[in-house]
Amino acid sequence: MPSGGLAYSLGYCYTKKAKSAVSQRWECDQRGSQKCRAIATTDLELTVMKSVTEHTHAADMFKGKT
């Protein structure tokens, strides 16, 4: 996952929602439109510490590719 506001993992796009001194919280970018509750918590080096990966939609394989 990149250090910016967007991240891609296993075909899904995540948006960074919060950052603390030791971790970052990422939410699926289709949280609003698809009511997707998938989230990931990473440390500051972007190693996943916790993940809820049950998405309510298909992977976004086309996103982030030009």
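The values are calculated or read from the model by the stated rules, or taken from the named source; none is laboratory data. Model, not experiment: these values are computed from the prediction. In this analysis, Cβ positions are derived from the backbone assuming ideal geometry, glycine residues included, and neighbour counts consider all displayed protein chains.
Laid out as a table, the results:
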quantity	calculated
Residues being over 9 Å from the mean Cα position of the chain (by Cα) and modelled with pLDDT under 90 - total across region 1-33	8
LYS65, sole failed condition from (1) under 14 Å from GLY5 (Cα atoms); (2) at pLDDT below 90; (3) of a type outside the set (A, V, I, L, M, F, W, C)	(1)
Selection status of ALA38, in contact with a Leu (Cβ under 9 Å, 6 or more places away or on another chain), crowded, with 16+ Cβ neighbours inside 10 Å and among the aliphatic types (A, V, I, L, M)	no
Members of region 1-35 that are at positive phi and exposed (fewer than 13 other Cβ atoms within 10 Å of the Cβ)	LEU10, LYS35
Contacts under 9 angstrom Cβ, first residue in region 6-31 being more than 13 Å from ALA58 (Cα to Cα), partner acidic (Asp, Glu) and part of a strand (DSSP E or B), 6 or more apart	TYR14/GLU27; THR15/GLU27; LYS16/GLU27; LYS17/GLU27; VAL22/ASP43; SER23/ASP43; GLN24/ASP43
